[in-house]
Protein chains: 2
Amino acid sequence: MRIAELSTRTDTSVPTIKYYLREGLLFPGRRTSPNQAVYDESHVRRLRLIRALLDVGNLSVAATKSLLEQIDTPGLSAHSAMGKAQYALARDSERDRTHDEAWGRADEEVAALVDRHGWSVKNTNPSQAMLTDIVATLHRLGHEHLIDLLDVYADAAATVAQTEVARVGRTRNVDELAEGVIVATVVGDALFAALRRLAQEDVSRRMFGAEADRTHGESGP
Amino acid sequence: MRIAELSTRTDTSVPTIKYYLREGLLFPGRRTSPNQAVYDESHVRRLRLIRALLDVGNLSVAATKSLLEQIDTPGLSAHSAMGKAQYALARDSERDRTHDEAWGRADEEVAALVDRHGWSVKNTNPSQAMLTDIVATLHRLGHEHLIDLLDVYADAAATVAQTEVARVGRTRNVDELAEGVIVATVVGDALFAALRRLAQEDVSRRMFGAEADRTHGESGP
């Protein structure tokens with residue numbers, strides 16, 4: 001198919017497709033003349049994956065490119081694929097770290113939490129640093145109520161992780177497996193966030209009752 | 001304090017503070033001369049809140065500004081505050097929606113899920129549209145395994161939402177309550193994501209065993 005059809009099929013504008021080609025996110029089509037190329041189903045699939053990582057996963061172009069390279073590495077193991085996806089997500093959210101008193105406290109609390117739940121994680125896991133940053137932020141803001149709930153969050157996270165790793169692990173084809181793990185890791189964050197917000201609306205309505213329906217912002221009746 | 005001290009206290013550069021002042025995110029200090037102003041603890045607190053929403057919550061400057069205006073509205077109810085925070089998060093991730101066959105299927109599946117869990121949510125809740133987009137993306141990619149797990153995610157999300165709404169609801173002061181709800185809604189996403197990734201590493205190591213430690217990406221031994 002021509003680039004115009006690829007654009008329609010994937011709901012992605014032609015300039016955007018050309019940008020992905022230039023950045024090396026999308027592999028080139030087959031040249032039929034010096035300024036024309038044809039594309040096939042593999043391009044449709046790849047474009048959908050690019051959009052999922054960029055739009056749903058909110059990854060940067062650089063992080064998306066690096067994950068696509070991992071997906072293209074033959075025989076990448078599930079555990080490795082997950083590690084790569086986690087690093088891509090973490091690197092995108094990396095920022096300057098303030099090692100103040102709040103951070104020291106958070107660091108101890110997170111280490112105790114990991115211990116309490118018996119999690120075997122390397123202390124170089126970027127998610128642990130990310131979690132410490134978040135807990136430190138909550139201390140600095142004086143919003144300790146979320147910190148009280150760390151164990152509730154951790155139990156729910158463990159249940160979700162247990163089920164999804166087991167489910168993805170059942171994939172037979174090793175190359176599909178790597179892509180599946182990366183999609184699950186990146187898209188799963190957004191999936192859970194959407195569900196949590198829906199559940200929050202329900203709980204909030206039950207808990208705050210009639211007042212809720214009178215005032216629920218812009219959602220209207 | 002002078003702007004230099006405010007900068008040190010909050011680990012935010014002077015140009016960045018000036019940018020927040022210009023954008024109206026941070027309220028002005030008390031002028032002591034035409035080009036000098038002094039700041040107090042309320043500015044330290046506000047700057048920390050701005051950084052939490054921008055850096056941890058990954059909100060845009062516009063969404064952060066709109067939430068700060070909500071926090072500054074006296075007597076905002078908890079349910080309203082949550083609605084505003086959810087709208088700010090959703091609006092930031094809004095994108096063109098493709099109403100294809102995958103989207104139609106996703107729309108039915110999400111409606112059935114909400115029904116099955118007995119959630120009372122308005123169908124104008126932006127998180128429902130976001131969830132539908134994500135499920136449609138997974139259909140388009142052919143990664144249906146995460147869709148199989150929607151109920152597991154939904155149960156975990158309900159447990160988390162139940163506990164956090166109850167905990168935040170115990171706050172006495174109505175103005176602190178609004179800020180607490182907004183922080184919980186925005187920062188909670190990142191908190192759960194970090195915990196889920198830590199739990200994933202643990203489960204993946206247990207499930208894939210020795211192979212895991214040999215290949216876990218850049219984390220090293």
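Points to keep in mind about this one:
- Our summary gives segment A:101-203 a relative contact order of 23 percent, counting only alpha carbon pairs under 8 angstrom and 6 or more residues apart.
- Spin-label model, B:Asp100/B:Ala166: points 7 Å from Cα along the beta carbon direction are separated by 4.3 nm.
- In sequence order, calculated HN-Hα J values of segment A:143-151 (Karplus, 6.51, -1.76, 1.60; Hz; x Gly/Pro): 9, 6, 4, 5, 5, 4, 9, 3, 5
- Distances from B:Pro74 to itself in the other copies, using label points 7 Å out along the Cα-Cβ axis, amount to 7.1 nm in increasing order.
- For the pair B:Arg30 and B:Arg9, a Förster radius of 22 Å applied to the C-beta separation gives a FRET efficiency near 0.85, rounded to the nearest 0.05.
- The protein assembly as shown: C-alpha gyration tensor shape, a/c 1.5 cut-off, then a/b vs b/c: rounded
- Take the Cα of A:Asn123, step 7 Å toward its Cβ, do the same at B:Ala111, and the gap between the two points is 5.3 nm.
- Placing a pseudo-label 7 Å from each Cα along the Cα-to-Cβ vector at A:Val61 and A:Asp151 gives an inter-label distance of 4.8 nm.
- For chain A, averaging the sequence separation of C-alpha pairs within contact (under 8 Å, six or more residues apart) and dividing by the residue count gives a relative contact order of 21 percent.
- Using θ = phi - 60° and Karplus 6.51 cos²θ - 1.76 cosθ + 1.60, couplings along segment A:180-197 (whole Hz; Gly, Pro as x): x, 5, 5, 4, 4, 5, 6, 6, x, 4, 5, 4, 5, 4, 5, 5, 4, 5
- Lysine pair number, Cα distance threshold 21 Å (strictly under), the protein assembly as shown, separation 8 or more or different chains: 6
A short reminder: the numbers here are calculations on the coordinates, not readings from a lab. These numbers were taken from a predicted model, which means no experiment stands behind them. Backbone-built Cβ (ideal geometry, glycine too); neighbour counts: all protein chains shown.
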